[in-house]
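Have a look at the structure below, then the notes.
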Amino acid sequence: MSLVLVVAVALVDPDGRVLIAQRPPDKAMAGLWEFPGGKLEPGETPEAALMRELREELAIETWQSCLAPLSFTSHGYDDFHLLMPLFVCRKWEGVPKPLVHASLKWVRPNKLSAYSMPEADLPLIPVLRDLL
């Protein structure tokens with residue numbers, strides 16, 4: 001089974017809400033909500049991958065100094081094992097736009113469990129709820 005390294009971020013707005021993104025209909029796990037992020041490219045650090053993914057997926061800019069590592073999740077799917085570090089970001093430039101996702105939503109941490117998410121994301125919800 002191959003190991004897939006994906007990095008994710010909890011963007012937190014001034015009201016303490018977290019941004020979640022709905023997977024588009026043409027992707028695996030379509031319709032599920034997730035924390036923004038994506039796969040690392042060869043030679044890329046998790047922070048550089050997040051800055052690139054936020055630019056490509058949400059049209060926002062952030063800086064490595066604004067990305068704080070929080071937790072990670074490790075989950076075995078049928079055909080791969082996912083390892084996903086989660087960062088928190090409270091400062092960025094621009095307004096998030098769904099460039100590749102079906103939709104975006106700002107959600108209070110104690111309401112995240114009301115949204116259908118990939119199995120790998122679920123253990124991150126209590127961590128965010130307790131932090132925020």
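Data table
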quantity	calculated
For the chain, with +1 on Lys and Arg beta carbons and -1 on Asp and Glu, the positive-most of P24, W106, H81 along the dipole	W106
Which of W106, W33, W63 is most accessible, then next, and so on - probe 1.4 Å	W63, W106, W33
Where Rh is the Kirkwood radius over Cα pairs, Rg/Rh for the chain	0.92
Rounded to the nearest 10 Å², the accessible area of K91 at probe 1.4 Å	120
For the stretch 80-90, Karplus couplings with θ = phi - 60° (6.51, -1.76, 1.60), whole Hz, Gly/Pro x	7, 10, 9, 10, 9, x, 10, 10, 10, 9, 10
The chain, dipole about Cα centre (Lys/Arg Cβ +1, Asp/Glu Cβ -1), debye to the nearest 20	460
Choice from A30, A21, A120 with maximal GNM fluctuation in the chain (Cα, 10 Å cutoff)	A30
³J(HN,Hα) computed for each position of the stretch 114-127 - Karplus, 6.51 cos²θ - 1.76 cosθ + 1.60, integer Hz, glycine/proline x	7, 9, 6, 10, x, 3, 5, 7, 4, x, 7, 4, x, 4
For the chain: lysine pairs under 19 Å (alpha-carbon distance), excluding those fewer than 8 apart on one chain	5
Hull-based mean projected area of the stretch 42-114, where the convex hull spans the alpha carbons, in square nanometres	6.5
Extended-chain gain in nm, criterion 0.36 nm per residue less alpha-carbon gap, Q64 and K91	8.7 nm
Formal net charge of residues neighbouring Y115 (Cβ-Cβ distance under 14 Å; K, R +1; D, E -1)	+3
In sequence order, calculated HN-Hα J values of the stretch 13-21 (Karplus, 6.51, -1.76, 1.60; Hz; x Gly/Pro)	7, x, 8, x, 8, 10, 7, 10, 10
Inter-label distance for D79 and E56, nm, one decimal - labels placed 7 Å from Cα along Cα-to-Cβ	2.0
Helical contribution to [θ] at 222 nm, DSSP H n ≥ 4, -39,500 (n - 2.57), averaged over the chain, rounded to 500	-4500 deg cm²/dmol
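The values are calculated or read from the model by the stated rules, or taken from the named source; none is laboratory data. Because the structure is predicted, anything quoted here is derived from the model rather than measured. Cβ sites come from the backbone with ideal geometry, for glycine too, and all protein chains shown count toward neighbours. These area figures cover heavy atoms from the full protein model, side chains too; ligands, DNA and RNA do not enter into them. Shrake-Rupley method; radii C 1.70, N 1.55, O 1.52, S 1.80 Å.
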